[in-house]
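Working notes, structure below.
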Amino acid sequence: MKSTRIQMLEAGLTLLGEVGFRGWSMRRVEDTTGVPHGSARHHFSDQRGLALAMVRHLLAVDLPRADETPTQQVSRWTGSELAYTRARYELIVAAFHDRGLADELVRGRDQLVAVLQARGMTKPVAAGLATALDGMILDAVLRRTPPDEIETQAVVNRFLQ
């Protein structure tokens with residue numbers, strides 16, 4: 001069974017992806033998780049602490065899985081983990097006004113680039129691919145494009161030439 005902390009992080013990300021920051025609150029995360037009020041403050045101190053912990057959790061589950069291709073990763077992000085992807089973009093917007101969130105998100109981007117480098121890409125190619133995929137995913141999320149209609153491989157191929 002998952003810990004209360006992990007349950008709240010997952011519920012917080014899903015909720016943020018579904019309702020955005022306007023409809024998101026610590027209390028609503030607690031209600032969604034089914035834990036007593038005050039649990040989020042116990043685990044995360046305040047709303048910013050919860051948001052930072054959510055970024056760290058998101059970055060841990062966002063990285064490519066072993067033997068997962070970029071196409072499979074994009075399908076996961078725009079399919080089964082769509083709420084998390086939407087939460088990622090909500091957190092990116094919030095990071096414009098919060099240096100701590102921005103630093104965590106940059107760290108996550110650097111981790112993705114490192115994974116791509118470990119798979120044989122140079123740093124500039126890996127960074128370019130990460131940026132291109134991010135833009136493609138944002139466009140797909142905004143347009144509500146089904147995962148099987150996203151041309152991920154075409155984008156990947158441009159960077160592997």
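The values are calculated or read from the model by the stated rules, or taken from the named source; none is laboratory data. Small disclaimer: the values here were computed from a predicted structure and weren't measured. Glycine also receives a Cβ, built like all others from the backbone with ideal geometry; neighbour counts cover every protein chain displayed. Accessible surface areas use protein heavy atoms only, side chains included; no ligands, DNA or RNA. Shrake-Rupley method; radii C 1.70, N 1.55, O 1.52, S 1.80 Å.
Remarks
- Using only side-chain charges placed at the Cβ, +1 for Lys and Arg and -1 for Asp and Glu, the dipole size of the chain relative to its Cα centre rounds to 300 debye.
- Magnitude of the charge dipole for region 112-161, about its Cα centre and with charges confined to Cβ atoms of Lys, Arg (+1) and Asp, Glu (-1), is about 200 debye.
- Solvent-accessible area per residue, Å², over region 3-158 with all protein chains present [probe radius 1.4 Å]: 53
- Region 52-161: chymotrypsin sites (Phe, Trp or Tyr not before Pro) in DSSP loop, at most 16 other beta carbons within 10 Å: Phe96
- Whole-percent carbon and sulfur share, accessible surface of the chain, 1.4 Å: 53
- Unit charges on C-beta of K, R, D, E only; dipole of region 71-128, Debye: 220
- Karplus 3J(HN,Hα) series, Hz, for region 122-129 with 6.51 cos²θ - 1.76 cosθ + 1.60 (x for Gly, Pro): 6, 4, x, 5, 4, 5, x, 5
- Were the residues from Ala154 through Arg56 laid out at 0.36 nm apart, the gain over their Cα-Cα distance would be 32.3 nm.
- Residue of Ala118, Ala94, Ala132 that the Gaussian network model of the chain assigns the largest fluctuation, springs spanning Cα pairs under 10 Å: Ala118
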